[in-house]
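Visitor: Before I ask anything, here is the structure I am working with.
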Amino acid sequence: MAIFISAIALDGSPLAASLAHSLVGALAPAGQAELHQDSSCAVAHIDLGVWPGASTRLSDDRFAVIAADPVLVEPDGRAWARPAGIDVLTERLLSRGPDALRDAEGTYAGLLIDRKRGRVHVFTDKLGVRPVYWARTDKHVFLSSTFWALHALTELALRPDWRAAAETAAFGFPMGDRTLVEPISLLAPGHCLTLDGAGLSQQAYWRWDELPQQGLTGKALLEHVEQAFHGAVDRRMQGQSKVMAFLSGGMDSRLITTRLRQQGARVHSLNFAPPGSQDLVFGRLVAEATGCEHFEYSQGALDFSLRQTEALHAWKASHPDPADAPEQPGLIWSGDGGSVGLGHVYLTRDAVQMARDKGTPAVARKLLTDNNIGLSPHLLRADQRQLAELPQRAIEEDLNSRAGAVEPGRNCHLFFMLNDQRRHLAKHFETLHLRRVDFVLPFFDGRLLTAVLANPVDDFLEHRLYNELMARLPMGAGQIPWQAYPGHAPCPIPVDSNLRRQWQDGWYERSDARAISSALMRRLLGQVVQYPAVGQVLSRTKLAAVSTASLLGLRDYQYLAEQCQPFLNAAALADRR
């Protein structure tokens with residue numbers, strides 16, 4: 001697993017030594033970077049040593065650096081092990097160009113310098129889950145697998161992108177290719193950016209709205225998706241017999257761990273849900289039924305990511321014997337992507353019907369309402385209230401970009417896949433250099449997603465097909481209750497009503513929730529003072545009043561503070577004092 005940052009001269013001239021030095025310095029928080037310099041291109045990179053095999057390739061005709069695992073698959077379904085797969089993929093890129101990336105089904109990003117042709121390819125996976133950030137100036141193109149490294153370059157003049165901040169306030173992420181600062185953008189899903197003598201160009205080697213439709217329904221669809229999921233897990237095992245996996249009380253991690261056990265793997269399962277929760281209890285029951293070696297960490301930090309890290313440290317402390325360690329100790333199997341990809345969790349049957357009957361504006365409003373998405377105008381300056389209209393406009397623009405190319409109901413699902421799911425793990429990837437732990441992600445497998453997206457949306461709605469998949473699980477795993485999303489098909493197995501549900505009762509006690517809110521308000525109040533640029537769009541007076549009132553316990557304004565945070569983050573990112 002590598003992280004990288006690169007600079008390329010647009011006119012083909014050699015890069016200044018100071019610029020190459022800046023690239024190395026940008027990666028300094030992750031350690032000492034190696035530098036590859038080739039004609040008008042320089043690449044600083046660090047192999048974090050998480051994934052098996054080296055992440056770079058250097059020969060007379062190429063230099064390549066790869067983040068994570070491409071999972072290169074042959075037409076017969078055979079998958080290359082990662083080291084050989086990187087060799088084969090880069091060779092095919094040299095000979096076939098970006099179309100060679102169609103054979104890669106994993107979550108990955110990479111850079112390839114074709115030394116003979118003087119050409120550079122930079123690419124991300126079919127869904128864009130592994131990001132590539134890039135920016136263009138008059139003289140250079142800059143590219144990086146992490147936002148923090150590209151942001152560190154003083155050669156870039158950064159400005160807050162208030163539209164991206166407004167979208168993040170509403171959705172939790174910017175839409176399209178925007179980031180919180182200009183001119184840094186995100187490379188589009190299934191795209192390859194190429195720089196050669198002809199200039200800079202982008203090519204879509206994969207488009208989800210151009211899939212040949214399979215038209216499966218009922219039992220045929222169920223079996224097709226089940227086999228595609230099994231293939232996604234099996235391709236990623238690559239001969240490992242001992243692995244670590246998250247195992248919650250939900251559906252996604254259960255499907256993964258059960259398949260791993262069915263294939264004979266020894267599974268160390270990990271759960272860090274709070275006491276008395278469905279998540280904790282159901283995970284334990286599944287581990288017992290399937291024979292996982294289960295570990296629970298039910299007390300810890302309130303922040304989800306920090307709690308996850310603490311749980312991993314606790315597991316390692318309780319397993320000092322090297323014989324217990326997974327074969328790839330830096331990799332954990334994770335169910336990210338399952339609830340949206342298979343369960344269609346954010347998409348209602350009414351919204352699908354509205355998309356078919358009434359068109360884009362109506363369904364955009366419906367998607368906002370169904371998912372409680374919106375941007376409050378109350379803290380915006382009077383001359384910036386139009387930002388509150390951006391969420392609906394963003395959905396309409398996204399849906400219209402594929403209108404006519406894909407069935408309207410499936411188009412709504414693609415809105416979530418190409419935005420929410422594409423950005424789903426962005427924060428995780430930004431901390432890889434600190435945690436040195438990465439995820440194995442079978443639900444983002446290209447062939448599995450094709451099995452879903454090339455078929456009608458209807459059978460997937462409300463987790464109905466997913467529930468049928470759960471019922472087919474071996475080793476009794478399908479007869480144990482699971483957490484069911486509110487408004488979706490219920491778990492058909494009786495559930496103890498005394499257990500806390502993640503979405504309605506929350507994970508935390510009220511005192512813990514208050515602590516989270518207070519910490520947010522203190523941070524907000526400090527940033528209002530520290531970053532005056534936010535006053536271009538938000539009322540700093542109202543921000544200060546809201547923060548103070550919340551801290552004094554007069555009223556809970558946490559929802560407003562959360563919506564203000566992206567604007568403050570954008571101002572902070574652009575302010576590199």
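Read-outs throughout are calculated quantities, based only on the coordinates presented, and are distinct from any laboratory measurement. Quick caveat, the model's predicted, so the values are computed rather than measured. Glycine also receives a Cβ, built like all others from the backbone with ideal geometry; neighbour counts cover every protein chain displayed.
Visitor: Using only the Cα atoms, work out Rg/Rh for the range 2-206, with Rh taken as the Kirkwood radius, to two decimals.
Guide: Working: Rg = 16.3 Å, Rh = 17.2 Å.
Reported Rg/Rh (Cα atoms, Kirkwood Rh): 0.95.
Visitor: Another one. Express the relative contact order of the range 364-446 as a whole percentage, based on alpha carbon pairs under 8 Å and six or more residues apart in sequence.
Guide: Computed over the range 364-446, the figure is 19 percent.
Visitor: Label Ala544 and Asp303 with points 7 Å out from Cα along Cα→Cβ: what is the distance between them in nm?
Guide: 2.7 nm
Visitor: Here is a further query. Which three numbers, in whole Å and largest first, are the semi-axes of the equivalent ellipsoid of the range 172-230 derived from its Cα gyration tensor as √(5λ)? Intermediate results must be reported in sequence, preceding the final value.
Guide: Numbers: eigenvalues 244, 62, 18 Å².
They are 35, 18, 10 Å, listed from largest to smallest.
Visitor: Which number do you get for Rg(Cα) / (2.2 N^0.38 Å) in the range 346-421? The partial results should precede the final answer.
Guide: Details: Rg = 13.1 Å, N = 76, 2.2 N^0.38 = 11.4 Å.
This ratio for the range 346-421 stands at 1.15.
Visitor: In terms of the ratio Rg/(2.2 N^0.38 Å) built on C-alpha atoms, what value belongs to the chain? List each step's numbers first, then the result.
Guide: Working: Rg = 23.8 Å, N = 577, 2.2 N^0.38 = 24.6 Å.
This ratio for the chain stands at 0.96.
Visitor: Rounded to the nearest 20 Debye, what is the dipole magnitude of the range 510-574 about its Cα centre when Lys and Arg each give +1 and Asp and Glu each give -1 at the C-beta? Numbers along the way, then the final one.
Guide: Numbers: 7 positive and 3 negative charges, 27 e Å.
Computed charge dipole of the range 510-574: roughly 120 debye.
Visitor: Now a separate question. Once the piece of chain linking Glu155 and Met475 is laid out straight, how much longer is it, given 0.36 nm per residue of separation minus the C-alpha distance between them? Show your work: numbers first, answer last.
Guide: On the way: separation 320, 0.36 × 320 = 115.20 nm, distance 5.73 nm.
Taking Glu155 through Met475 to full extension adds about 109.5 nm, to one decimal.
Visitor: Could you tell me the ratio Rg/Rh of the range 510-574? Both radii from Cα atoms, Rh via Kirkwood. Kindly include the intermediate steps, with their values, before the conclusion.
Guide: On the way: Rg = 11.4 Å, Rh = 11.7 Å.
Rg/Rh: 0.97.
Visitor: Now, a different point. Can you list residues whose amide H is under 5 Å from Trp333's amide H, if they're 5+ apart or on another chain and H is modeled 1.01 Å from N?
Guide: The list, which skips near neighbours in sequence, is Met244, Ala245, Phe246, Val440.
Visitor: Post the alpha-carbon centroid distance, the range 386-436 to the range 33-99, in whole angstrom.
Guide: Comparing the Cα centres of the range 386-436 and the range 33-99, I get a distance of 28 Å.
Visitor: What ranking of Ile66, Ile113 emerges when the number of other C-beta atoms within 10 Å of each C-beta is taken as an exposure proxy, fewest first?
Guide: Details: Ile66 30, Ile113 25.
Sorted ascending by nearby Cβ count, the order is Ile113, Ile66.
Visitor: Cα centroid distance between the range 103-132 and the range 241-288, in Å?
Guide: 33 Å
Visitor: Here's another thing I want to ask about it. Fewest to most neighbouring Cβ within 10 Å: what's the order for Lys358, Lys126, Lys542, Lys219?
Guide: Details: Lys358 13, Lys126 25, Lys542 16, Lys219 9.
Ordered from fewest to most neighbouring Cβ atoms within 10 Å, Lys358, Lys126, Lys542, Lys219 come out as Lys219, Lys358, Lys542, Lys126.
Visitor: Give a residue-ordered list of calculated ³J(HN,Hα) values for the range 59-68 (Karplus: 6.51 cos²θ - 1.76 cosθ + 1.60, θ = phi - 60°; whole Hz; x for Gly, Pro).
Guide: 8, 4, 10, 7, 10, 9, 9, 10, 9, 6
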